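Chemist: Have a look at this one.
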Amino acid sequence: LQKFMMYRSEVKDQVVSINGTTLDGQSCLFFPGAEELKWDNKGSELVYIKPGENAGQSIFGQIQSGKNVLIVADTSHQKAIARFRNFRMQRMAGSGSVVVVLYPGIVDQYNVQVSAKLTGTEFANVVGIIRGKTKPDERVVFSAHYDHLGIGKPTNQDSIYNGANDDASGTTAVIALAGYFKKMKQPERTLVFATFTAEESGGYGAQYFSQQMDPASVMAMFN
């Protein structure tokens, strides 16, 4: 089991001012990676989302960057930002913080004060290996993710997202391949069989896995 922690944040108090004007709560979104944020014209990068750009893609990208970022979204993105209002993303330990504000112009001065509660949950990838005979430091990886979306709106009284092809079939393939190669003679290279957690919430299991070995040692990966 390749264990790591994920954190869910709950904002308690917040004050955000742009160019001397205090913004209301409906103009801000918070994805804190720490219990206290105190940005006063420093402490974060500034990123702009202009009219016509993909706001959702930009926000997700910055959340996954691991940096402290203040995203300034043009007010034309108000509806897109509203869809994130009830979104509760879990973050890996050590992730940066992202604050999104709706503002129609250039930011010359900003002040962000946020207090949040972080609740941790342990996650785990499931990984097995068959060590190589002559080239043990060279690896071939077989992988899939074993999580899905969990529980949602019921359809015909069934509220569970079973994930048959996303990705129970892939997980089954990884297990079947592991069983097959276990019965064969020892391979020349090391074989790695990995099933990832937290894929649907942002690919976090795969990210953690990728940090545990030198990419140059991976000769091939079948996902």
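The values are calculated or read from the model by the stated rules, or taken from the named source; none is laboratory data. Everything quoted here is computed from the prediction, not taken from an experiment. Don't worry about glycine lacking a Cβ; one is built from the backbone with ideal geometry, like all the others, and counts go over all protein chains shown. Note: areas computed on protein heavy atoms with side chains; ligands, DNA, RNA excluded. Shrake-Rupley method; radii C 1.70, N 1.55, O 1.52, S 1.80 Å.
Chemist: List the strands (runs of 3 or more DSSP E) inside region 73-168, counting only whole elements, that have at least 3 residues being of a type in the set (A, V, I, L, M, F, W, C). Let's see the steps before the verdict.
Modeler: Values: elements: 90-92, 98-102, 110-130, 135-145, 151-155, 158-160.
It comes to 98-102, 110-130, 135-145.
Chemist: Would you please name the residue that is most open to solvent (accessible area, probe 1.4 Å), looking only at residues in region 128-142 that are in contact with a helix residue (DSSP H, G or I) (Cβ under 7 Å, 6 or more places away or on another chain) and closer than 22 Å to LEU1 by Cβ?
Modeler: For region 128-142, the residue satisfying everything is ARG139.
Chemist: A further question follows. Being within 21 Å of GLY96 (Cα to Cα), part of a strand (DSSP E or B) and hydroxyl-bearing (Ser, Thr, Tyr): is that true of SER58 here?
Modeler: So SER58 does not fit the description; no.
Chemist: Among the residues of region 33-91, which ones are surrounded by fewer than 13 Cβ atoms within 10 Å (Cβ to Cβ), hydrophobic (A, V, I, L, M, F, W, C) and modelled with pLDDT of 95 or more?
Modeler: LEU46
Chemist: Can you name every residue in region 92-120 that is open to solvent by 60 Å² or more (accessible area, probe 1.4 Å) and touching a strand residue (DSSP E or B) at 6+ places or on another chain (Cβ under 7 Å)?
Modeler: ALA93, GLN113, LYS117, THR119
Chemist: GLY25 passes all but one of (1) in contact with a Gly (Cβ under 8 Å, 6 or more places away or on another chain); (2) open to solvent by less than 50 Å² (accessible area, probe 1.4 Å); (3) not aromatic (Phe, Trp, Tyr); which number fails?
Modeler: Of everything listed in (1) in contact with a Gly (Cβ under 8 Å, 6 or more places away or on another chain); (2) open to solvent by less than 50 Å² (accessible area, probe 1.4 Å); (3) not aromatic (Phe, Trp, Tyr), GLY25 misses just condition (1).
Chemist: Counting only residues that are closer than 14 Å to VAL107 by Cβ and either in contact with a Leu (Cβ under 6 Å, 6 or more places away or on another chain) or among the aliphatic types (A, V, I, L, M) (or both), how many does region 67-91 have?
Modeler: Going residue by residue through region 67-91, those that are closer than 14 Å to VAL107 by Cβ are 69-75.
Among the residues that remain, those that are also either in contact with a Leu (Cβ under 6 Å, 6 or more places away or on another chain) or among the aliphatic types (A, V, I, L, M) (or both) are: 69-73, 75.
Residues meeting the conditions: 6.
Chemist: Mind checking whether some residue in region 12-19 is in contact with a Gly (Cβ under 8 Å, 6 or more places away or on another chain), in a strand (DSSP E or B) and open to solvent by less than 30 Å² (accessible area, probe 1.4 Å)?
Modeler: No, region 12-19 has no match at all.
Chemist: List, please: which pairs have Cβ atoms under 8 Å, are six or more places apart or on different chains, and start with a residue in region 26-41 that is closer than 18 Å to GLU10 by Cβ and end with one that is of a type in the set (D, E, K, R) and surrounded by fewer than 20 Cβ atoms within 10 Å (Cβ to Cβ)?
Modeler: LEU29/ARG85; GLU35/LYS117
Chemist: Are there any pairs, at least 6 apart or on different chains, whose C-beta atoms fall under 7 Å, with the first in region 44-66 and touching a residue at least 24 places away in the same chain (Cβ under 8 Å) and within 17 Å of ILE106 (Cβ to Cβ) and the second assigned to a helix (DSSP H, G or I) and open to solvent by 70 Å² or more (accessible area, probe 1.4 Å), and if so, which?
Modeler: Hits for this filter: PRO51/SER76.
Chemist: Filter region 143-199 down to residues that are of a type in the set (A, V, I, L, M, F, W, C) and within 21 Å of the chain's Cα centre (by Cα) and give me whichever is surrounded by the fewest Cβ atoms within 10 Å (Cβ to Cβ).
Modeler: Residues of region 143-199 that are of a type in the set (A, V, I, L, M, F, W, C), as a first pass: 144, 149, 151, 160, 164, 168, 173-178, 181, 184, 191-194, 196, 198.
Those left that are additionally within 21 Å of the chain's Cα centre (by Cα): 144, 149, 151, 168, 194, 196, 198.
Working: ALA144: 21, LEU149: 12, ILE151: 9, ALA168: 15, ALA194: 24, PHE196: 28, ALA198: 23.
Here the answer is ILE151.
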